Amino acid sequence: MVSSFAHHTPWHRKPSPQPSPVQAQFPQTIESLVTTALDQGTLTRRDHLTLTAAMLSNPVLTTTDRQQINQLFDAIRMGRVNVTD
């Protein structure tokens, strides 16, 4: 007797990677968004919330993207970049 469980998809299989919501929402790359915010010293609240959500819930965000977002968040904490409405 074969268990019906044996025919199910294995639990360890990862879902197919989805495009980054940040990349899909912005026509520009994360790198250009971070560079612009650092150069101008401002970041919109909407962009900040989108980047925060991507960091917290997007498993396919690249290491480089995460490092760039962290660099921007550090600049915000240090007062070099202001979040605007």
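Here is how the numbers come out for the structure above:
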{"read-out": "Pair list, Cβ < 8 Å and 6+ apart or interchain, from the stretch 66-77 residues that are farther than 15 Å from L56 by Cβ to residues that are in a helix (DSSP H, G or I) and of a type outside the set (A, V, I, L, M)", "value": "Q68/E31; I76/H48"}
{"read-out": "Qualifying residue in the stretch 36-44 (condition: surrounded by 10 or more Cβ atoms within 10 Å (Cβ to Cβ) and either among the acidic types (D, E) or modelled with pLDDT under 60 (or both))", "value": "no"}
{"read-out": "Filtered residue count, the stretch 31-49, keeping only those that are within 15 Å of I76 (Cα to Cα) and assigned to a helix (DSSP H, G or I)", "value": "13"}
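The values are calculated or read from the model by the stated rules, or taken from the named source; none is laboratory data. Quick caveat, the model's predicted, so the values are computed rather than measured. A quick note on method: Cβ atoms are made from the backbone with ideal geometry, for glycine too, and the neighbour counts reach across all protein chains shown.
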